[in-house]
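The values are calculated or read from the model by the stated rules, or taken from the named source; none is laboratory data. All values reported here derive from a predicted model rather than from experimental measurement. With ideal geometry, Cβ positions are generated from the backbone for all residues, glycine too; neighbour counts draw on all protein chains shown. Accessible surface is based on the protein model in full, side chains and every heavy atom, while ligands, DNA and RNA are left aside. Shrake-Rupley method; radii C 1.70, N 1.55, O 1.52, S 1.80 Å.
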Amino acid sequence: MSSSIMGPPCSILFLLLLLVARAAARPLYPLPSKVDNGERQPLQTSRPYNIAHRGSNGEIPEETAFAYLRAIEEGADFIETDILSSKDGVLICFHDVTLDNTTDIAHRKEFADRKRTYEVQGVNTTGFFTVDFTLKELKSLRVKQRYPFRDQQYNGKFKIITFEEFIAIALDAPRVVGIYPEIKNPVFINEHVKWPKGKRFEDKFVGTLKKYGYKGSYMSKDWLKQPVFIQSFAPTSLIYASNLTDSPKIFLIDDVTIPTQDTNQSYWEITSDKYFDFIKQYVVGIGPWKDTVVPAVHNYLQEPTDLVAHAHAHNLQVHPYTFRNENQCLHFDFHQDPYQEYEYWIQKIGVDGIFTDFTGSLHIYQEMTTPPHPKDGGNDDHVMSLLHKIALLVSPYEKV
Amino acid sequence: MEAAALSRGSSFIFLVRFLCLIRIPFVLLRVRDITGDRQCAGFIILILVLYIGAAGAGRPLSPLPSKADDDVKKPLQTSRPYNFAHRGANGEFPEETAPAYMKAIKEGADFIEADIQATKDGILVCTHDVNLDDTTDVAEHMEFADRRTMYEVQGVNITGWFVVDFTLEELQSLRAKQRYAFRDQQYNGKFPIITFEEYISIALDADRVVGIYPEIKNPVFVNKHVKWSDGKKLEDRFVEMLQKYGYRGSYMSKEWLKQPCFIQSFAPTSLIYISNLTDLPKIFLIDDVTILTEDTNQTYAEITSDSFLNHIKDYVMGIGPWKDTVVPPKDNYLESATDLVARAHALGLQVHPYTFRNENSFLHFDFHQDPYVEYDYWINKIGIDGLFTDFTGSLHRYQEWTSSVSKM
């Protein structure tokens with residue numbers, strides 16, 4: 001058989017291979033960081049988790065690649081994100097159902113006619129909804145900093161990223177960095193976006209995780225290689241997802257006045273002993289709004305509730321949200337000092353993880369007060385860690 | 001001086017006890033019987049003189065518990081930059097009140113800082129502004145409504161109720177309030193303005209050595225409005241008060257370490273004047289680049305020039321600049337640092353910049369709304385010798401934590 005006969009089929013085969021490779025959406029060669037997988041610094045598990053809430057969004061517009069890269073640089077244990085969907089069913093990292101507060105949509109004349117009013121969790125909301133834009137259209141927008149008192153210099157520079165891009169950032173980090181994605185507004189998304197073969201938002205969500213090798217129960221070998229927590233305010237979504245994956249899940253709890261979007265249950269019901277007994281079969285922890293754990297009056301803390309004790313009694317972790325450095329977000333007990341707030345929640349209340357907008361600050365606090373256990377054989381680290389431990393022992397006995 | 005007062009005090013107590021025991025009228029009767037009226041009168045006068053003497057010394061007659069073990073008080077730390085509690089812990093309490101200072105001491109301050117001005121009747125008090133409007137409830141006191149006036153202060157016309165128009169008694173009828181609306185308001189209306197003496201006793205009565213850092217504040221203005229009968233000025237009264245309480249000695253001398261003190265002022269002539277009166281260390285404060293010195297009308301450029309620093313270093317041992325002139329910001333981001341610190345250090349002058357505050361509105365974006373990152377920058381990158389902070393506790397915590405680990 002001469003090559004001239006084999007020619008065209010070979011080219012076609014080659015082209016097909018290319019298509020397959022592109023569709024797989026991962027580079028054909030392993031990235032530098034993937035080669036030495038075994039050498040990467042593992043996830044620390046000796047102190048409460050530093051969860052970079054929407055990335056390092058105290059400094060950089062939330063949920064952008066840059067915000068996540070910065071969070072990793074600053075020492076995050078996990079990078080957190082909210083997963084919604086575009087009109088064409090692509091999962092994206094974005095917090096609000098509407099684009100108004102965190103993008104330049106208002107300046108986009110080509111989309112001026114897309115403004116809508118929908119009911120979202122019982123509230124009529126007007127704006128430009130992510131579910132009305134294709135991925136391509138969403139990618140043409142630029143993200144801005146949500147809060148005017150934060151750094152505005154990156155406005156208009158970065159795009160919305162996809163769930164897959166978020167995962168790639170975590171997997172390509174020089175050390176093991178976990179992900180903490182949220183099944184966000186599933187009731188609303190499933191109402192507005194339909195996937196082929198009757199698949200739901202939760203199916204696509206878990207499917208993406210599995211595609212990238214996220215598996216294993218909490219603290220299993222698989223999990224420690226690629227740590228993940230799946231979070232949601234919707235208990236039925238979490239229960240549904242537990243049939244699809246054994247990755248650990250966290251049940252988010254909103255303010256005392258907000259009922260769950262899918263089961264319409266009150267705060268009091270979902271924090272009851274009976275409910276914890278039930279939900280603990282599906283989740284490893286809860287994520288409450290911190291002002292419900294320790295309520296505040298006139299910006300001063302009141303007596304803590306027993307929510308944490310309750311949760312811990314059911315072997316449920318507690319990861320409260322959200323910690324922010326700005327003085328208007330700090331109760332007066334903390335004297336405008338974010339480190340004092342960390343100290344209170346970690347030492348006094350005893351939480352297991354902290355969602356913070358300021359990854360760097362929490363990391364510095366933790367490094368100064370509880371450096372991680374030294375690796376075996378790391379002599380210098382070991383000595384410094386020991387000296388530090390000694391210093392910590394001595395200092396309480398000095399008067400001031 | 002202290003020992004004398006104490007011995008006078010104890011003598012008096014002994015006398016009182018003795019008299020009570022033998023009952024004065026009975027004694028006088030008996031003495032008069034024996035010695036006649038003149039000697040009795042002399043006895044009474046002696047008692048009165050002793051009493052007045054003890055009272056006039058201005059110290060409590062019995063030693064305070066903390067004074068008993070003077071030598072065992074934990075000494076001032078001198079191994080790392082000083083933590084100056086700027087107007088006390090005024091991030092939490094209304095500035096320059098007794099609780100603000102006591103909290104600062106509790107939180108670990110090395111020095112408590114105050115601004116000293118004078119009342120209408122010449123008493124030295126701790127208060128920052130020339131007027132009372134922003135930090136007291138004077139506006140609610142109907143009895144003082146007619147005292148509202150306008151004066152020129154450092155070339156600017158200011159309207160309000162002025163400290164120099166109130167006697168001490170009147171001032172102490174007012175109540176302090178928190179200056180910033182975004183800080184804790186719960187102590188408004190609770191605490192009075194305190195005197196320089198009361199401030200000093202807070203420092204001396206601490207259970208460890210705590211330094212003081214008083215400022216000769218607005219001396220040009222105060223000396224214009226307040227006249228002492230003996231022709232003395234604010235600067236004289238200021239130093240007298242320090243000497244009365246035993247503050248003396250040059251920087252790091254034995255006496256100084258027992259009772260540490262920095263005297264600060266924006267007015268170079270005041271500092272030069274008092275260097276003839278005391279060898280306590282002095283710090284020359286430097287305002288923003290647009291502000292002239294109140295006494296010599298010199299510009300920022302002039303007073304930070306090599307030649308001026310060379311001249312002033314004979315009188316002061318350091319400078320206290322506004323931090324945004326040391327490292328100027330633009331669009332809330334730091335630009336390159338100036339060479340002010342390097343030049344000051346080259347001349348042997350310490351640098352104590354002001355003022356460090358936790359609130360994000362005061363933090364340049366380089367610090368990511370994190371006051372500890374700001375401390376780290378100034379202490380480790382710029383290399384200053386002391387920090388004026390509104391949040392004593394935060395700085396103390398930062399210094400304690402980082403002194404026990406190597407640099408991160």
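Inter-chain neighbour count for B:275-284: the average number of beta-carbon atoms from partner chains within 10 Å of each residue's beta-carbon is 0.
Placing +1 on each Lys and Arg Cβ and -1 on each Asp and Glu Cβ, with no other charges, gives the stretch B:153-312 a dipole about its Cα centre of roughly 340 debye. Using a cut-off of 22 Å between Cα atoms, the listed pairs A:LYS136/A:LYS204; A:LYS115/A:LYS199; B:LYS120/B:LYS313; A:LYS144/A:LYS184 include A:LYS115/A:LYS199; B:LYS120/B:LYS313 as exceeding that distance.
Is there a quick way to get the dipole size of the stretch B:348-403? I mean about its Cα centre, with the Cβ of Lys and Arg at +1 and of Asp and Glu at -1; what is the value in debye to the nearest 20?
On the way: 3 positive and 8 negative charges, 16 e Å.
Using Cβ point charges on Lys, Arg, Asp and Glu, the stretch B:348-403 gives about 80 debye.
With 28 Å as the limit on Cα-Cα distance, the pairs of A:LYS159/A:LYS280; B:LYS232/B:LYS254; A:LYS197/A:LYS249; A:LYS159/A:LYS348 that go past it are A:LYS159/A:LYS280; B:LYS232/B:LYS254; A:LYS159/A:LYS348. Based on alpha-carbon centroids, what's the gap between the stretch B:258-320 and the stretch A:252-319 in Å, whole number please? Measuring centre to centre over Cα atoms gives 59 Å.
Rounded to the nearest 500, the helix-only mean residue ellipticity at 222 nm of chain A stands at -9500 deg cm²/dmol, with each DSSP H run of n ≥ 4 adding -39,500 (n - 2.57). The order of the peptides B:383-393, B:251-261 by mean Cβ neighbours within 10 Å, most packed first, is B:383-393, B:251-261.
Per-residue mean of foreign Cβ neighbours for B:369-380 is 4 (Cβ atoms of other chains, 10 Å radius). Taking label positions 7 Å along the Cα-Cβ direction at both B:SER229 and A:ALA106, the computed distance is 6.8 nm, reported to one decimal.
Using 1/(1 + (r/R0)^6) with R0 = 45 angstrom and r between the beta carbons of A:GLU73 and B:HIS141, what's the FRET efficiency to the nearest 0.05?
The formula returns an efficiency of 0.20 here.
Heavy atoms of the protein chains alone define the surface here; on that basis chain A has 47 Å² accessible area per residue at 1.4 Å probe size. Beta-bridge orientation, chain A: approximately 35 percent antiparallel, per DSSP, counting only bridges with both partners inside. Two tests apply to each whole DSSP H helix in chain A, Cα reach of 24 Å or more along its axis and mean Kyte-Doolittle hydropathy of at least -0.5, and the ones passing both are A:3-24. If we count every other residue with Cβ under 12 angstrom of B:LYS282's Cβ, Lys/Arg +1 and Asp/Glu -1, where does the sum land? Local net charge: -3.
Please give the total accessible area that chains B and A bury against each other, computed with a 1.4 Å probe and expressed in Å² to the nearest 100.
Numbers: alone 19520 and 20120 Å², together 36890 Å².
Using a 1.4 Å probe, the pair buries roughly 2700 Å².
Accessible-area loss of 10 Å² or more (1.4 Å probe, protein heavy atoms, chain alone versus all protein chains) is found in the stretch A:296-328 for A:TYR300, A:ASN325, A:GLU326, A:ASN327.
Burial of accessible area (probe 1.4 Å, heavy atoms of protein chains only) in the stretch A:338-362, relative to its chain alone, reaches at least 50 Å² for A:TYR339. Extension gain, B:ASP288 to B:TYR251, is 10.6 nm, computed as 0.36 nm per intervening residue step minus the present C-alpha separation. Ranking A:CYS329, A:CYS10 by solvent-accessible area of protein heavy atoms (1.4 Å probe, all protein chains present), from largest to smallest, gives A:CYS10, A:CYS329.
Rounding to the nearest 20 debye, state how big the charge dipole of chain A is about its Cα centre with +1 on each Lys and Arg Cβ and -1 on each Asp and Glu Cβ.
Numbers: 42 positive and 50 negative charges, 330 e Å.
That gives chain A a dipole magnitude of about 1580 debye.
Averaging Cα coordinates gives a centre for the stretch B:326-385 and one for the stretch B:145-205; these two points are 30 Å apart. Under 17 Å of direct C-alpha separation, and excluding same-chain neighbours fewer than eight residues apart, A:LYS109 reaches these aspartates and glutamates: A:ASP100, A:ASP132, A:GLU137.
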